[in-house]
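One structure is given below, encoded as structure tokens.
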Amino acid sequence: MRIAVARETRPGETRVALVPELVGALTALGYDVVVEPGAGLGALAEDADYEAAGATVEDRAVEDADVVVSVQPLARATARRLASGSTTVSFLPAAQELDLVADLRDLRISSFAMELVPRISRAQSMDALSSQSLVAGYRCAVVAAGLLRRFLPLNMTAAGTVEPAQVVVLGAGVAGLQAIATAKRLGAVVRAYDVRPSSAEEIASMGARAIDLDLPPLEGSGGYAREMDEERARLQRELLAPHVADADALITTAAVPGRTAPLLVTRTMVEAMAPGSVVVDLAADSGGNVEGSVPGELVRVGAAQVWGGRNVPAQMPQPASRLYAQNVVNLVALMTRPATADAPATLAPDLADEVLDAACVTHDGVVRHGPTRALLE
Ligand code: NAD
């Protein structure tokens, strides 16, 4: 059984799906690990590091593989080099990758999407959305701290007292809570808002103060937020405006699964912020929480600097890859019947297992993921 680590081809992707430290976890399952040359370079892992860990480095790694792992979806040209009956594991936003999904179906390649792993306790160790959000949330707080031209903590000195920075975080999911925790550790005074009722307790557990707008909660299924209607959105913006105006740094991380990110902060709200203030919009890539934010750019809105996130986990490729790789290894382990004294390891995904059932996009010439199948019909 051969498992290949693909070299990422999408612009700006620095992560790799398997790090040298975890090669041993796959060889222990009975896999030969084969790495495309240079696959780990963006994450500072050299080919020699993989070889020292027991992998081989080959140009034709993906052609002869039973399983190909990557962070981003494979390029269509790469997918066509795979053997029929092989398996891919990657992020695969199927609705945006319909041509690739159709190819995978027609080539009879089984594909598993990391973002479709259900958020249940048993699957926590495979939850790449959470691991990458953790990295992104931390990064957002550090970016905000770096852009601010002031102290975050209270400083009482012989030359006088410097007040701590005020940080406001909107959206307190995995990324938002990590941004809160990081800004707190740096000494800022942090307030946060989320539409889910359970978030107030989670915000408090990070040492921050939950902003209560006295609006009805917006909790949908699976512990996720629901989309706001326009009236509710307008009211929320109006009530958030004074909190935004008071913030030295505003960090926004709000998302609704399957939708563009909600617009939480208008240009007018940013223009009310004091000179020197900073806005970090993690959601810039998926529609933006902040009007005027641009993915991958630092722009000026009013007197504030507005930083738009683009593939933020890739800005910390080493830890992001390490965590993602562990998620991938755990998912691959769930699909694998390990070698025994009498039989070699086999890849045998049990699609009756709720984790594999949910994560499987294509299998056996069929698109199994219902919403994607509907889009292709
Ligand atoms: P997400 O990335 O989809 O959204 C980020 C946050 O934005 C969410 O907390 C959401 O409530 C918030 N949000 C949406 N619309 C908003 C608005 N208009 N104003 C303010 N905030 C808004 O969410 P996520 O980080 O992936 O996590 C969402 C939920 O899933 C959380 O409850 C989290 O605890 C839960 N979760 C569970 C597991 C598990 O059980 N294994 C794992 C991860 C997350």
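When you scan region 207-217, how many residues do you find that are modelled with pLDDT of 80 or more, under 17 Å from residue 256 (Cβ atoms) and surrounded by 12 or more Cβ atoms within 10 Å (Cβ to Cβ)? It would help to see each step written out before you state the result.
Just the residues of region 207-217 that are modelled with pLDDT of 80 or more, to begin with: 207-216.
With the extra rule that they be under 17 Å from residue 256 (Cβ atoms), the set shrinks to 215-216.
If we keep only those that are surrounded by 12 or more Cβ atoms within 10 Å (Cβ to Cβ) as well, we get 215.
Matching residues across region 207-217 total 1.
For residue 46, indicate whether it is over 30 Å from residue 341 (Cβ atoms) and out of contact with any Leu (no Cβ under 6 Å at 6 or more places or on another chain). It is true that residue 46 is over 30 Å from residue 341 (Cβ atoms) and out of contact with any Leu (no Cβ under 6 Å at 6 or more places or on another chain). Just one of the listed residues (97, 163) is of a type in the set (D, E, K, R), over 30 Å from residue 351 (Cβ atoms) and more than 13 Å from the ligand (Cβ to nearest atom), namely 163. When 299, 332, 312, 366 are checked against the criterion of being surrounded by 16 or more Cβ atoms within 10 Å (Cβ to Cβ) and either in contact with a Lys or Arg (Cβ under 7 Å, 6 or more places away or on another chain) or within 27 Å of residue 172 (Cβ to Cβ) (or both), a single residue qualifies: 312. Selection over region 230-241 of residues that are touching a residue at least 60 places away in the same chain (Cβ under 8 Å) and either part of a loop (DSSP other than H, G, I, E, B) or surrounded by fewer than 12 Cβ atoms within 10 Å (Cβ to Cβ) (or both) gives a count of 0. Residues in region 312-364 that are in a helix (DSSP H, G or I) and acidic (Asp, Glu): 354, 357. Kindly check whether there is at least one residue in region 120-135 that is out of contact with any helix residue (DSSP H, G or I) (no Cβ under 9 Å at 6 or more places or on another chain), part of a helix (DSSP H, G or I) and surrounded by fewer than 24 Cβ atoms within 10 Å (Cβ to Cβ). Yes, that holds for at least one residue.
Within region 97-119, which residues are outside any helix (DSSP H, G or I) and within 17 Å of the chain's Cα centre (by Cα)? Before the answer, list the steps.
Kept after step one, since they are outside any helix (DSSP H, G or I), are these residues of region 97-119: 97, 107-113, 117-119.
Listed by number, the residues that qualify are 112, 113, 117, 118, 119.
Scanning region 212-259 for residues that are under 24 Å from residue 167 (Cβ atoms) and within 9 Å of the ligand (Cβ to nearest atom) gives 218, 225, 228, 233, 236, 240, 252, 253, 254, 255, 256.
Only helices (runs of 4 or more DSSP H) wholly contained in region 15-96 count here; list those with 2 or more residues that are surrounded by 20 or more Cβ atoms within 10 Å (Cβ to Cβ). Quick ask: steps written out before the conclusion?
On the way: elements: 23-27, 47-52, 76-79.
Those helices (runs of 4 or more DSSP H) span 23-27.
Would you confirm, using the coordinates I've provided, whether residue 227 is out of contact with any His (no Cβ under 9 Å at 6 or more places or on another chain) and assigned to a helix (DSSP H, G or I)? The answer is no for residue 227. Within region 260-287, being more than 15 Å from the ligand (Cβ to nearest atom) and among the acidic types (Asp, Glu) holds for one residue alone: 271. Any residue in region 297-305 that is among the small types (Gly, Ala, Ser) and either part of a helix (DSSP H, G or I) or closer than 23 Å to residue 127 by Cα (or both)? No - not one qualifying residue is present in region 297-305.
Scan region 143-152 and tell me whether some residue there is among the hydrophobic types (A, V, I, L, M, F, W, C), more than 16 Å from the ligand (Cβ to nearest atom), within 30 Å of residue 334 (Cβ to Cβ) and under 22 Å from the mean Cα position of the chain (by Cα). I'd like the intermediate steps shown before the answer.
Going through region 143-152, the residues among the hydrophobic types (A, V, I, L, M, F, W, C) turn out to be 143-145, 147-148, 151-152.
Still in the running and more than 16 Å from the ligand (Cβ to nearest atom): 143-145, 147-148, 151-152.
Next, from what is left, pick out any that are within 30 Å of residue 334 (Cβ to Cβ): none.
No, that holds for no residue.
Beta carbons closer than 7 Å, at least 6 apart along the sequence or on distinct chains, pair a first residue in region 188-205 that is more than 11 Å from the ligand (Cβ to nearest atom) with a second that is in a loop (DSSP other than H, G, I, E, B) and not basic (Lys, Arg) for 188/152; 188/164; 188/165; 189/164; 190/208; 191/208; 191/211. Filtered by the rule that a residue be under 25 Å from the mean Cα position of the chain (by Cα) and at positive phi, region 17-67 gives 38, 44. Here residue 116 qualifies as surrounded by 19 or more Cβ atoms within 10 Å (Cβ to Cβ), at pLDDT 95 or above and under 30 Å from residue 72 (Cβ atoms).
Does residue 130 satisfy being closer than 29 Å to residue 174 by Cα and free of Cβ contacts under 8 Å to residues at least 60 places away in the same chain?
Yes.
Pairs meeting the criteria (first residue in region 35-63 and among the β-branched types (Val, Ile, Thr), second residue assigned to a loop (DSSP other than H, G, I, E, B), beta carbons under 7 Å, at least 6 apart or on different chains) are 35/55; 35/61; 57/37; 62/6; 62/36; 62/81; 62/82.
Would you check if residue 21 is modelled with pLDDT of 95 or more and out of contact with any helix residue (DSSP H, G or I) (no Cβ under 9 Å at 6 or more places or on another chain)? Full working, then the answer.
On the way: modelled with pLDDT of 95 or more: yes; out of contact with any helix residue (DSSP H, G or I) (no Cβ under 9 Å at 6 or more places or on another chain): no.
No, not satisfied.
Scanning region 119-142 for residues that are over 15 Å from residue 321 (Cα atoms), touching a Gly at 6+ places or on another chain (Cβ under 8 Å) and either more than 13 Å from the ligand (Cβ to nearest atom) or not charged (D, E, K, R) (or both) turns up 137, 140.
The values are calculated or read from the model by the stated rules, or taken from the named source; none is laboratory data. Bear in mind the structure is a predicted one, so any value in this text is a computation, not a measurement. FYI the Cβ positions are ideal-geometry reconstructions off the backbone, even for glycines, and counts take in every protein chain you see.
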